[in-house]
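Worksheet for the structure shown next.
No lab work stands behind these numbers, since they all come straight from the coordinates. Note that the structure is a prediction, hence the values are computed from the model and not measured. In this analysis, Cβ positions are derived from the backbone assuming ideal geometry, glycine residues included, and neighbour counts consider all displayed protein chains.
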Amino acid sequence: MSTANTDHSQRFLFEQADIRGEIVQLDRAFNDLIALHQYAPGVSKLLGEFLGAAVLLSTTLKFDGRLILQARSEGQLPLLMAECSSDLGVRGIARGAQQATSESFGQLLEQGHLAITIDPHAGKRYQGVVPLDQPSLAACLDTYFEQSEQLQTRLWLACDGDRAAGMLIQQLPATVIKDPAERERQWEHACALAQTVTPEELQHLAPGQLLQRLFHEDPLRLFEPRPVRFQCTCSRERTLGALASLGPGEIESILAEQGAVTMDCEFCNSRYRYTRDDLGGLLGTSPDSSLH
């Protein structure tokens, strides 16, 4: 089995049906993220699936912003989050994962719910909530799309701890085929073929090879791949803005005890350090007020 070029998302289109698809494969982007944390294997694999799903879902949207998947549960993982920007920068985190040793989706996210948030740079946020009551993330998302009034959509996700991958197919509005019965037949045909994909194929076959294996009798158009990368959106300015929620009194207390305020980004482990001069705006003083 050949290994595909890594870290990209690639769209494909059925030429004779109103169906589009997307394949994402993550290697370095996934490993750059995992290297920052010490997660158990089951947590790393699940986070890889979340990253793949975030990329796939973001590619179905025409927007400038980010798509966020955030799961909360009563299981071993209290919170797991993955996000993908419209230019395919990804980041993610598992919070409270120190005691998470299971590799079972149901045990890690027992009694959980998944919030799917579309956060555009301009305009209103949209959020949908998905109960995590199926045996896998892909199955939960499939159920969500089945029960919603959105376009029919199916996902397949895989992660072995080293590479993460996913595939999505989605039925488009009627353009090529108008007859509802024929549209449904074509959709069921595509789903049945896609269902034969294995995790190994999804992770290690190049998209062109994978599509040839799955849909060799269906004319497809494969678009140019788009690169995906690990990208944290934290910055010194954003972190300073977050400090404002502490209030002047608490900031003064930290400065008196430690001489500076430090904040760590939990996504990328970047550390930001602020002195009293840096925090003058939050304390209601100017940097040189002590000289007057």
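Looking only at the range 233-245, how many residues end up being within 29 Å of Thr59 (Cα to Cα) and either buried (at least 17 other Cβ atoms within 10 Å of the Cβ) or touching an Asp or Glu at 6+ places or on another chain (Cβ under 6 Å) (or both)?
2
Would you be able to tell me the number of residues in the range 216-247 that are among the hydrophobic types (A, V, I, L, M, F, W, C) and touching a residue at least 40 places away in the same chain (Cβ under 8 Å)? Spell out the reasoning first.
Initially, the range 216-247 is screened for residues among the hydrophobic types (A, V, I, L, M, F, W, C), giving 220, 222-223, 228, 230, 232, 234, 240, 242-244, 246.
Retained after the next criterion (residues that are touching a residue at least 40 places away in the same chain (Cβ under 8 Å)): 220, 222-223, 228, 230, 232, 240.
Total satisfying the criteria: 7.
Of the residues Arg125, Arg163, which single one is in contact with an Asp or Glu (Cβ under 6 Å, 6 or more places away or on another chain), under 25 Å from Val228 (Cα atoms) and surrounded by 18 or more Cβ atoms within 10 Å (Cβ to Cβ)?
Numbers: Arg125 fails: surrounded by 18 or more Cβ atoms within 10 Å (Cβ to Cβ).
Within the list Arg125, Arg163, the selection yields Arg163.
What tally of residues in the range 167-186 results from selecting those that are surrounded by 12 or more Cβ atoms within 10 Å (Cβ to Cβ) and charged (D, E, K, R)?
Taking the range 167-186 first, the residues surrounded by 12 or more Cβ atoms within 10 Å (Cβ to Cβ) are 167-172, 174, 176-177, 182-186.
Subsequent filtering for residues that are charged (D, E, K, R) retains 182-185.
Summing the residues that are surrounded by 12 or more Cβ atoms within 10 Å (Cβ to Cβ) and charged (D, E, K, R) in the range 167-186 gives 4.
Of the conditions (1) farther than 30 Å from Arg20 by Cα; (2) surrounded by 12 or more Cβ atoms within 10 Å (Cβ to Cβ); (3) without any contact (Cβ under 8 Å) to a residue 60 or more places away in the chain, Cys268 satisfies every one except a single condition; which number is it?
(3)
Against the definition (surrounded by 15 or more Cβ atoms within 10 Å (Cβ to Cβ) and either farther than 25 Å from Gln111 by Cβ or aliphatic (A, V, I, L, M) (or both)), how does Gln134 come out, yes or no?
On the way: surrounded by 15 or more Cβ atoms within 10 Å (Cβ to Cβ): yes; either farther than 25 Å from Gln111 by Cβ or aliphatic (A, V, I, L, M) (or both): no.
No, not satisfied.
Go through the residues of the range 110-131 one by one and say whether even a single one is under 30 Å from Arg183 (Cα atoms) and of a type in the set (Phe, Trp, Tyr).
Yes, the range 110-131 has at least one match.
Hand me the list of strands (runs of 3 or more DSSP E) wholly inside the range 1-111 holding 2 or more residues that are surrounded by 19 or more Cβ atoms within 10 Å (Cβ to Cβ) and under 11 Å from the mean Cα position of the chain (by Cα). Outline the logic, then answer.
Numbers: elements: 8-14, 19-26, 65-72, 79-85, 89-95.
Filter on the range 1-111 gives 65-72, 79-85, 89-95.
Does at least one position in the range 200-216 carry a residue that is out of contact with any His (no Cβ under 9 Å at 6 or more places or on another chain), surrounded by fewer than 16 Cβ atoms within 10 Å (Cβ to Cβ) and of a type in the set (Lys, Arg)?
So far as the range 200-216 goes, yes, one or more of its residues are out of contact with any His (no Cβ under 9 Å at 6 or more places or on another chain), surrounded by fewer than 16 Cβ atoms within 10 Å (Cβ to Cβ) and of a type in the set (Lys, Arg).
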